[in-house]
Number of protein chains: 2
Amino acid sequence: MSSGVEGDVAKMELGDEQLVTPWNVVANSNTGIDYDKLIVQFGSQKIGTELIDRFEKLTGRKAHHFIRRGIFFSHREFEKILDRYEQKKPFYLYTGRGPSSDALHVGHLIPFIFTKWLQEVFNVPLVIQLTDDEKFLWKDLTVEKTLAMAKENIKDIIACGFDPDKTFIFSDFQFLGQCPEFYRNVARIQRQVTFNQVKGIFGFGGSDCIGKIAFPAIQAAPALSNSFPFIFGEQKDVACLIPCGIDQDPFFRMTRDVAPKLGHPKPCLLHSVFFPALQGIQTKMSASDPNSSIFLTDTDKQIKSKVNKYAFSGGGATVEEHKEKGGNCDVDVSFQYLRFFLEDDDALEKIRKDYTSGELLTGYLKKDLIELLQKMVKTHQTARATVTDEVIAKFTSPRSLKF
Amino acid sequence: MSSGVEGDVAKMELGDEQLVTPWNVVANSNTGIDYDKLIVQFGSQKIGTELIDRFEKLTGRKAHHFIRRGIFFSHREFEKILDRYEQKKPFYLYTGRGPSSDALHVGHLIPFIFTKWLQEVFNVPLVIQLTDDEKFLWKDLTVEKTLAMAKENIKDIIACGFDPDKTFIFSDFQFLGQCPEFYRNVARIQRQVTFNQVKGIFGFGGSDCIGKIAFPAIQAAPALSNSFPFIFGEQKDVACLIPCGIDQDPFFRMTRDVAPKLGHPKPCLLHSVFFPALQGIQTKMSASDPNSSIFLTDTDKQIKSKVNKYAFSGGGATVEEHKEKGGNCDVDVSFQYLRFFLEDDDALEKIRKDYTSGELLTGYLKKDLIELLQKMVKTHQTARATVTDEVIAKFTSPRSLKF
């Protein structure tokens, strides 16, 4: 998996359509991606009130604020997972990440924070794929470098607090050589998909290397339960729920097409929006620009300085103007970050009201965000420091899980 | 690896050129493939007297009759292997087979008989790849079926008498899941080769599945020594010599292009001609036609009956005509089979002379062949009967080899 907002060169010709692929995201307006339009483009469903109500009723849990606030905004057949939950039929969670050499930024935590919460609510096994092979194929990196990056990223993922008895984390360059059944499923998927199909879905062309062309099968395979015989045995009917960024959807549209042909249920999905760069919701996050976001390795001082200096403000140009006209929460990055990370709905709503009215000044809004991010990053750093090689070995060892 | 003479549908447009790919062989004349022309087409070298002399001088061994008789007729940089042998630098042998559901026929033994001899002469390690994944991708077979076929074929290969201390035999569906370094090399190769390149080399098109498009990297990987860390450690400079049918050359042309980019020496090759069907040297062997060749499971009676009934004769239409005009050894399949399997040069030359002159009648020529094949098949069957699961486990276990 790769984060689209750090995308590579566009491979598709773009009309007035916005472009979202796993490797490239291009909005066609300066207000960023139009997510309602993307749902239509992709043919997914909006996560609506009815679905949220049913989820809350079935699980007895309030929906996560990522769902309540439209951060996870789109889905594919999530209702089927709720059916299974109701009928006590088995399913599992699958998410992943394309390891990057840079320390993760706070936005990278979103799928993991959410997946951890889903794991707690549903009490199901979880597999997490690190696509070091994808990074190797797309970037000018050695195999060894991508493996090392995967290991560092795995520490950050473990630090999110996953249950070691229910979670298997793997990198492709390691796991393909540990589990013959995984490669067998990769080959089964590869036989079902033509070059013309991946050309249509991902925009691959004749000058792309054959590794890229074949790769989608490797990201698809974890959605088939018998890819993990040590967890699911030979069972093919364990359904799969994939929480991921919407840019990853092309992989799983393909997977949903192939899975039934191989006797598996179609994987179901929950899609999140992109995480904005400090510079503004319409700008791309740049992995090479340390000022484009808050990283999990940042110090208190760096966090304070970055937010104050770079976080795009939706406030007035002067205090007088701000007090008169109020701030615009929709474009204010500090408010948007609070929308992602401030769990308290009432506190967030008060900030929104006061900032919109002009009562709350940008400096104070940023102060709230700085304190929250400093706490969040410190908590993460503390948790990460406890992730020893032994802990990594436990999470990454192919083994049976409790569920 | 696949035997071209059992080829699939042609994927390339054919002018007046003969077509030889790993999956299809089409001659453009009724005298079969023009091998001299093929050497020019492929850009390989003819195995000439000078090279044979040097081989014999260096090894102190007479060249194998497959070499002396032009059955292994073409090479790529075999002289570099002789250089290494002279300089006592390490190299290894690599050959393989695409497992088929049918029992092997005698022609399938040719690369193995020859490779066993090379192993003895050079005293070097050998790896043998069973491309069950290739058969899965190209044929309408299940993974399980191709795995079972690979196991049966492995028994036949072991029965050829390879040294268990120097030979590692593997099937892709098994080994890819046992050795992370193998997949890492597959990915390294896949990054170096574009769709346009495999389109040019193999004739793949947009409607081919992505598994076929990516497969050549899997047949290329065993030519890189660090694909087998349990044999060669991390060494990248162990050269590789590949004895194979000429139809497999496209895979290794590609490999020779990629290997230096990854810091490996180019693999060297020894190419063999195709083995003729009983029905004639210009006809294709059909795996589904039990009468097209002698199978290693045939009884004495079947061998006798097939040779007498189906082996295309280059003799005269009547005894009188034969005695007057003589027989044509070039098209006589019985003679051609003797050329492959009768080791005694003097005996073969006598048969050739007597048959050409008309002195030796077809019936007697066939009788000689029948006796030889019966003995050869019986010897094979006896050897195969001793190949227990334990013996298979020894050959197929990733382990260090003696050399």
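The values are calculated or read from the model by the stated rules, or taken from the named source; none is laboratory data. Source: prediction; values computed, not measured. Ideal geometry is used to build each Cβ from the backbone, glycine not excepted, and the neighbour counts take in all protein chains shown.
Filter the helices (runs of 4 or more DSSP H) completely within the range A:210-329 down to those with at least 3 residues that are more than 16 Å from residue A:95 (Cβ to Cβ).
Details: elements: A:210-214, A:216-220, A:229-232, A:249-258, A:300-310, A:319-325.
Of the helices (runs of 4 or more DSSP H) lying wholly inside the range A:210-329, those with at least 3 residues that are more than 16 Å from residue A:95 (Cβ to Cβ) span A:210-214, A:229-232, A:249-258, A:300-310, A:319-325.
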For this session: Look at residue B:230 and say whether it is at pLDDT 95 or above, in contact with an Asp or Glu (Cβ under 7 Å, 6 or more places away or on another chain) and farther than 24 Å from residue B:110 by Cβ.
Result: no
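Scan the range B:15-41 for residues that are in a loop (DSSP other than H, G, I, E, B), over 21 Å from residue B:138 (Cβ atoms) and either in contact (Cβ under 8 Å) with a residue 24 or more places away in the chain or in contact with a Phe, Trp or Tyr (Cβ under 8 Å, 6 or more places away or on another chain) (or both) and jot them down. Quick ask: steps written out before the conclusion?
Taking the range B:15-41 first, the residues in a loop (DSSP other than H, G, I, E, B) are B:15-18, B:22-23, B:27-34.
Next, from what is left, pick out any that are over 21 Å from residue B:138 (Cβ atoms): B:15-18, B:27-34.
Passing the criteria: B:17, B:27, B:29, B:30, B:31, B:32, B:33.
Please find, within the range B:42-62, the residue that is nearest to residue B:256 (Cα to Cα) out of those that are over 18 Å from the mean Cα position of the chain (by Cα) and in a loop (DSSP other than H, G, I, E, B). Don't jump to the end; show me each part of the working.
Kept after step one, since they are over 18 Å from the mean Cα position of the chain (by Cα), are these residues of the range B:42-62: B:43, B:48-62.
Keeping just the survivors that are in a loop (DSSP other than H, G, I, E, B) gives B:43, B:48, B:60-62.
On the way: B:43: 13, B:48: 22, B:60: 29, B:61: 29, B:62: 29 Å.
This residue is B:43.
For residue B:201, state whether it is within 14 Å of chain A (Cβ to nearest Cβ), under 24 Å from the mean Cα position of the chain (by Cα) and buried (at least 22 other Cβ atoms within 10 Å of the Cβ). Break it down into steps so the answer makes sense when it comes.
Working: within 14 Å of chain A (Cβ to nearest Cβ): yes; under 24 Å from the mean Cα position of the chain (by Cα): yes; buried (at least 22 other Cβ atoms within 10 Å of the Cβ): no.
Answer is no for this residue.
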Exercise. If we scan the range B:172-185, do we find a residue that is more than 23 Å from the chain's Cα centre (by Cα) and more than 8 Å from chain A (Cβ to nearest Cβ)?
Worked result: yes
Exercise. Among the numbered criteria (1) over 18 Å from residue B:176 (Cα atoms); (2) assigned to a helix (DSSP H, G or I); (3) among the hydroxyl-bearing types (Ser, Thr, Tyr), which single criterion is violated by residue A:207?
Worked result: (2)
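Let me confirm something: among A:274, A:230, which residue is over 30 Å from residue B:192 (Cβ atoms), under 20 Å from the mean Cα position of the chain (by Cα) and of a type in the set (Phe, Trp, Tyr)? Before you say what the answer is, go through the steps one by one.
On the way: A:230 fails: under 20 Å from the mean Cα position of the chain (by Cα).
Exactly one of A:274, A:230 is over 30 Å from residue B:192 (Cβ atoms), under 20 Å from the mean Cα position of the chain (by Cα) and of a type in the set (Phe, Trp, Tyr), namely A:274.
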Exercise. In the range A:186-195, what residues are more than 7 Å from chain B (Cβ to nearest Cβ) and either without any contact (Cβ under 8 Å) to a residue 60 or more places away in the chain or in a strand (DSSP E or B) (or both)?
Worked result: A:186
For this session: Give A:262, A:241 a once-over and let me know the one that is of a type outside the set (Gly, Ala, Ser), in contact with a Leu (Cβ under 8 Å, 6 or more places away or on another chain) and within 14 Å of chain B (Cβ to nearest Cβ).
Result: A:262
Exercise. Which condition number in (1) on the phi > 0 side of the Ramachandran plot; (2) touching a Phe, Trp or Tyr at 6+ places or on another chain (Cβ under 9 Å) is the one that residue A:263 fails?
Worked result: (2)
Exercise. Do you know which residues across the range A:315-327 are under 17 Å from residue A:279 (Cβ atoms) and out of contact with any Ser or Thr (no Cβ under 8 Å at 6 or more places or on another chain)?
Worked result: none
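This table checks each residue for (1) in contact with a helix residue (DSSP H, G or I) (Cβ under 7 Å, 6 or more places away or on another chain); (2) of a type in the set (Asp, Glu); (3) surrounded by fewer than 16 Cβ atoms within 10 Å (Cβ to Cβ); (4) over 23 Å from residue B:100 (Cα atoms).
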{"position": "B:266", "(1), (2), (3), (4)": "yes, no, no, yes"}
{"position": "B:274", "(1), (2), (3), (4)": "yes, no, no, no"}
{"position": "B:279", "(1), (2), (3), (4)": "yes, no, no, no"}
{"position": "B:290", "(1), (2), (3), (4)": "no, no, no, no"}
{"position": "B:294", "(1), (2), (3), (4)": "yes, no, no, no"}
{"position": "B:298", "(1), (2), (3), (4)": "yes, yes, no, no"}
{"position": "B:312", "(1), (2), (3), (4)": "yes, no, no, yes"}
Exercise. Only one of B:277, B:223 is in contact with a Cys (Cβ under 6 Å, 6 or more places away or on another chain), within 30 Å of residue B:69 (Cβ to Cβ) and away from chain A (no Cβ under 14 Å); which?
Worked result: B:223
For this session: Go through the range B:382-396 and count every residue that is more than 14 Å from residue B:157 (Cβ to Cβ) and not in a helix (DSSP H, G or I).
Result: 1
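Being farther than 24 Å from residue A:27 by Cβ, within 14 Å of another protein chain (Cβ to nearest Cβ) and buried (at least 22 other Cβ atoms within 10 Å of the Cβ): is that true of residue A:210 here? Spell out how you get there, then give the answer.
Values: farther than 24 Å from residue A:27 by Cβ: yes; within 14 Å of another protein chain (Cβ to nearest Cβ): yes; buried (at least 22 other Cβ atoms within 10 Å of the Cβ): yes.
So residue A:210 passes the test.
Can you find a residue that is within 20 Å of residue B:246 (Cα to Cα), small (Gly, Ala, Ser) and touching a Pro at 6+ places or on another chain (Cβ under 8 Å) anywhere in the range B:54-63?
Applying the first criterion (within 20 Å of residue B:246 (Cα to Cα)) to the range B:54-63 yields B:63.
Going one step further and asking which of them are small (Gly, Ala, Ser), we end up with B:63.
Now narrow it down to the ones that are touching a Pro at 6+ places or on another chain (Cβ under 8 Å): none.
The answer is no, given that none of the residues of the range B:54-63 is within 20 Å of residue B:246 (Cα to Cα), small (Gly, Ala, Ser) and touching a Pro at 6+ places or on another chain (Cβ under 8 Å).
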Problem set entry | Test: residue in the range B:40-55 that is assigned by TED's automatic domain parsing to the domain that holds residue B:217, in contact with a strand residue (DSSP E or B) (Cβ under 8 Å, 6 or more places away or on another chain) and either modelled with pLDDT under 85 or closer than 20 Å to residue B:331 by Cα (or both) | no
For this session: Confirm whether residue B:334 is crowded, with 18+ Cβ neighbours inside 10 Å, of a type in the set (S, T, N, Q) and modelled with pLDDT of 95 or more.
Result: yes
